[in-house]
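Student: Take a look at this one; I'll ask things after.
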């Protein structure tokens, strides 16, 4: 089974803001496979088309193709065990963030990627759109597989400390503010050959006014857009995502606060229905992730 390596990457604008977060997989020297957020499809496509036209004008052999595929996420500690029954390749040799093209339960030309937005082991299966329902039904024949909606995905990704585009990151946040500097390779930092580099790279070496942090609390749930308060009761930021954690039996949230208040262990407060509720800045992930890596 031939597999290729992927990574989380960001599209940025000239102001240093994040246009989208997406998975980019290098499948060969000539071919990149890109999975973007569906809600960002139009602006991502326009951006890539514009850049491709610039490169073509400069004499490079570049072109774009759209794959009419659907994406099924099979997640959880038994995901690989369930999937192994329907594929010929050995999934123990497919580590986190790598992908391979294979038939899945007889459905040909599926790209199976060892990833998912839950913090758990699992796969995302890119399947020709005409076969998506068929494959979903084939997977659901296994009694260990159940349908799960976005509410389950949202609590899982929040427990794993993963950003949701449009909530925790957007065109007004930079990778440094969002604690996503790790997506930016050393070569790119030195070359500064990407949109917004003049703003983002100095932030890496210096300071930013605000940072994304994790918060935990007990009592009423913390929700997006609630004000985060200093110990003195001064507004110092805002919650961007929050929910009760089914695993931890307390509230988890993330948001942005002034940098001087961003250290883990700092006791702050969140304004919930006009009442001040104590909240603790907590390192993320809140629940340890269990991605599958080769030993």
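Student: Could you sort the peptides 39-45, 206-212 by per-residue average Cβ neighbour count (10 Å cutoff), highest mean leading? Walk me through the intermediate numbers first.
Tutor: Working: 39-45: 13.6, 206-212: 15.3.
Put in order of decreasing packing, that is 206-212, 39-45.
Student: So, in nm, how far is label residue 151 from label residue 238 when the simple model puts each one 7 Å beyond its Cα toward the Cβ?
Tutor: Placing both labels 7 Å along Cα→Cβ, they lie 2.6 nm apart.
Student: Just how far, in whole angstrom, is segment 167-188 from segment 15-67 if you go by their alpha carbon centroids?
Tutor: So the two Cα centres are separated by 18 Å.
Student: Please find the FRET efficiency linking residue 274 to residue 42, where r is the Cβ-Cβ separation and R0 is fixed at 35 Å, and quote it to the nearest 0.05.
Tutor: Calculated value: 0.35.
Student: Let me ask you something else. Where is the GNM fluctuation largest for the chain (alpha-carbon springs, 10 angstrom cutoff): 161, 233, 50?
Tutor: Top of the fluctuation ranking is 50.
Student: Which one is right for this structure if P(r) over Cα pairs in 10 Å bins from 0, in percent is calculated from it: (1) 6, 29, 36, 20, 6, 2, 1, 0; (2) 6, 26, 34, 22, 10, 3, 1, 0; (3) 6, 24, 31, 25, 12, 2, 0?
Tutor: Read-out taken from this structure: (3).
Student: Nearest 500 deg cm²/dmol is fine: what mean residue ellipticity at 222 nm does the chain get from its DSSP H runs of n ≥ 4 alone, each adding -39,500 (n - 2.57), divided by its residue count?
Tutor: On the way: 6 runs with 57 residues, N = 295.
Rounded to the nearest 500, the figure is -5500 deg cm²/dmol.
Student: Taking neighbour Cβ counts within 10 Å as the exposure measure, how do 96, 11 sort from fewest upward?
Tutor: 96, 11
Student: Right, something else. So how far apart, in nm, are the two label points at residue 186 and residue 263 if each is 7 Å from Cα heading toward Cβ?
Tutor: It is 3.0 nm.
Student: Label-point separation (nm) for residue 134 and residue 205, each offset 7 Å from Cα along Cα-to-Cβ?
Tutor: Modelled inter-label distance: 5.6 nm.
Student: Tell me the relative contact order for the chain as a rounded percent, counting alpha carbon contacts under 8 Å between residues six or more apart.
Tutor: 17
Student: Right, another one. Using a Förster distance of 51 Å, how high is the FRET efficiency between residue 88 and residue 58, based on the Cβ-Cβ distance and rounded to 0.05?
Tutor: It comes out at approximately 0.75.
Student: Convex hull volume of the Cα atoms in segment 235-295, per residue, in Å³?
Tutor: 122
Student: Based on the mean of other beta carbon atoms within 10 Å per residue, what is the order of 182-192, 282-292, most packed first?
Tutor: Ranked from most to least packed, the peptides come out as 282-292, 182-192.
Student: Against the longest principal axis of the chain, how steep is helix 41-57, in degrees 0 to 90 to the nearest 10, with axes from Cα atoms?
Tutor: Roughly 70 degrees, rounded to the nearest 10.
Where a number appears in this text, it was derived from the coordinates with a stated rule and is not lab data. Fair warning: this is a prediction, and the values are worked out from it, not measured in the lab. Backbone-built Cβ (ideal geometry, glycine too); neighbour counts: all protein chains shown.
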